[in-house]
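First the structure, in the form of structure tokens, and then the observations on it.
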Amino acid sequence: LSQKISILLNCRSCGAEISPESGKYSCPKCGGILQVKYARSVNKDSFFSYSSRSGVWRFFEMLPVERRENIVSLEEGNTPLIRTESLGEGVYVKDETRNPTGSFKDRPNTVGISKAVELGAKTIAIASSGNAAGSLSAYAAKASLECVVGVPEDTPNSKLKQIMVFGAKVVKVRGTYSAAFNLIRESSGKYGWHNLTSVCTANPYQVEGDKTAAYEIYERLNNPDWVAIPLGAGPLLVGIYRGFWELREAGLIDKIPRLIGVQAEECAPIARAYKNGEKEVTPWERKPHTIAHSIADPLTGYSQDGTLTLEKIRESNGVAESVNDDEMLEAVWQLARGEGIFAEPAAASTLAAFNKLKRNGIITGGEKVVLLVTGTGLKSSAALDRLGEAPVIDPDPDQLMKLVS
Ligand SMILES: Cc1ncc(COP(=O)(O)O)c(C=O)c1O
Ligand SMILES: [Zn+2]
């Protein structure tokens, strides 16, 4: 195996260069967003040279962990790219519900926790709308690390229980997701915990895991015309942009797919700024009420993350779109009954946005479209509760026939 060359962190705002060994996760000079800089040039051979049961760690050379013994993996990634039958020619679903804990968050977390182990972490912490913490708690269990979790007060029980199963210390924080975010950021600073919240401001390593989804899409489809991605603050979109950007730098593709960032109408700071032609994203003022709770991020106190996401949407010549609860629920049933894929509403938002953009003529027939379906419906009470009860009958074929006909 080739020797890995070390990495640096570099501030996106003031340009400062910082060593990872400093243990810093955001810029100590200006508070800006750090990004990983690899002290080597990437070429075609850098991408697909390793064999690993994990889809993410197949790309070890492209990731910010220096020593393989620090890897904490649950065999994440390598998710199917499904050619759909019912959604039209050229429409694919990247089924991220197949990750070990049921959402794409296993990609950023396997990288974030492995780097934390490399940096000597004992306690890790995360703010999450549910999926990211359900995932990180599993990885923390595997690595025998203490894990502290803050979730918004209205997080559904099904998601809380997943976190508790793995033994993390979880609290519900009064207020929106942003309140949990700010609590975990402040406490991590105060108590020396490694902050693994998967927002670029909080942690520069997580987004490197997100980019592996782009490599996998490239392997199957080269570069599709569009890739649709649900957005909270948007690190998944930033990571996917970065993945395609690196593939372009290495000469493997000549253009980056147009990225569609999807938000819930009830909490859409990034889509609002996009539509108003603004350069900067401002926080969402109202407390959101939506079934897409996992992407309802008002960005209060870290709107620079939204601005970074918006920048990447524009650089890809993409669009930001918002969809309402009814459109997302309809997309949940459309995916389940047309494709056999059960997604939570936030994850089906990409199909809802696709439907809308197609109606509006922005996506045309014949284009290759990838919809990221980011989380399973099995931990979403919003979808499950709408299904009602199954009828009870005697073991009598006539009663059965009456019900099924
Ligand atoms: C199902 C699902 N999709 C999408 C997202 C958005 O991810 P990001 O953190 O990249 O904004 C989340 C975030 O928690 C999520 O849970
Ligand atoms: Zn800085």
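The values are calculated or read from the model by the stated rules, or taken from the named source; none is laboratory data. Predicted model, so just to flag it, every value in this text is computed and none were measured. Note: ideal-geometry Cβ built from the backbone for every residue, glycine included; neighbour counts use all protein chains shown. For accessibility, only protein heavy atoms count, side chains too; no ligands or nucleic acids. Shrake-Rupley method; radii C 1.70, N 1.55, O 1.52, S 1.80 Å.
Just a few scattered comments:
- Residue count, region 62-71 (criterion: open to solvent by 10 Å² or more (accessible area, probe 1.4 Å) and assigned to a loop (DSSP other than H, G, I, E, B)): 3
- Helices (runs of 4 or more DSSP H) fully within region 325-405 that include at least 3 residues being surrounded by fewer than 16 Cβ atoms within 10 Å (Cβ to Cβ): 325-339, 397-404.
- Across region 12-29, the qualifying residues are those that are free of Cβ contacts under 8 Å to residues at least 60 places away in the same chain and not in a loop (DSSP other than H, G, I, E, B), and the one among them that is nearest to ligand 1 (Cβ to nearest atom) is 18.
- Flag if residue 344 is touching a strand residue (DSSP E or B) at 6+ places or on another chain (Cβ under 7 Å), in contact (Cβ under 8 Å) with a residue 12 or more places away in the chain, charged (D, E, K, R) and farther than 26 Å from residue 212 by Cβ: no
- Any hit, region 195-212, residues being in contact (Cβ under 8 Å) with a residue 40 or more places away in the chain, of a type in the set (Gly, Ala, Ser) and away from ligand 1 (no atom under 15 Å from the Cβ): no
- The residue list 98, 40 contains one member that is surrounded by fewer than 22 Cβ atoms within 10 Å (Cβ to Cβ) and farther than 29 Å from residue 376 by Cβ, which is 40.
- Verdict on residue 322 being assigned to a strand (DSSP E or B), within 16 Å of ligand 1 (Cβ to nearest atom) and open to solvent by 10 Å² or more (accessible area, probe 1.4 Å): yes
- Just so you know, in region 183-207 the residues that are aliphatic (A, V, I, L, M) and touching a helix residue (DSSP H, G or I) at 6+ places or on another chain (Cβ under 8 Å) include one that is farthest from ligand 2 (Cβ to nearest atom), and it is 196.
- Any hit, region 7-24, residues being under 22 Å from the mean Cα position of the chain (by Cα), under 30 Å from residue 351 (Cβ atoms) and aliphatic (A, V, I, L, M): no
- When 15, 32 are screened for being within 21 Å of residue 116 (Cα to Cα) and within 10 Å of ligand 2 (Cβ to nearest atom), only 32 passes.
- Note on region 30-57: residues that are part of a helix (DSSP H, G or I) and among the basic types (Lys, Arg) amount to 1.
- The selection criterion, being assigned to a helix (DSSP H, G or I) and among the polar types (S, T, N, Q), holds for residue 188.
- Going through (1) farther than 25 Å from residue 96 by Cα; (2) within 16 Å of ligand 2 (Cβ to nearest atom) one by one, residue 67 falls short only on (2).
- Residue check for residue 266: within 19 Å of residue 356 (Cβ to Cβ), of a type outside the set (Ser, Thr, Tyr), touching a Ser or Thr at 6+ places or on another chain (Cβ under 7 Å) and open to solvent by 10 Å² or more (accessible area, probe 1.4 Å): yes
- The residue pairs whose first member lies in region 230-246 and is farther than 17 Å from residue 320 by Cβ, whose second member is open to solvent by 10 Å² or more (accessible area, probe 1.4 Å), and whose beta carbons are closer than 6 Å, counting only pairs six or more residues apart or on different chains, are 244/256; 246/42.
- If only residues of region 102-125 that are open to solvent by less than 10 Å² (accessible area, probe 1.4 Å) and part of a strand (DSSP E or B) are counted, the one that is nearest to ligand 1 (Cβ to nearest atom) is 103.
Let's see how each residue does on (1) among the charged types (D, E, K, R); (2) open to solvent by 20 Å² or more (accessible area, probe 1.4 Å):
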residue	(1), (2)
240	no, no
274	no, yes
278	yes, yes
291	no, yes
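- Region 224-238, residues that are of a type outside the set (Phe, Trp, Tyr), open to solvent by less than 10 Å² (accessible area, probe 1.4 Å) and away from ligand 1 (no atom under 12 Å from the Cβ): 224, 227
- One residue alone among 366, 340 is under 22 Å from residue 244 (Cα atoms) and over 16 Å from the mean Cα position of the chain (by Cα), and that residue is 366.
- Out of 87, 9, 74, one residue alone is part of a strand (DSSP E or B) and either within 30 Å of residue 333 (Cβ to Cβ) or touching a residue at least 24 places away in the same chain (Cβ under 8 Å) (or both). It is 9.
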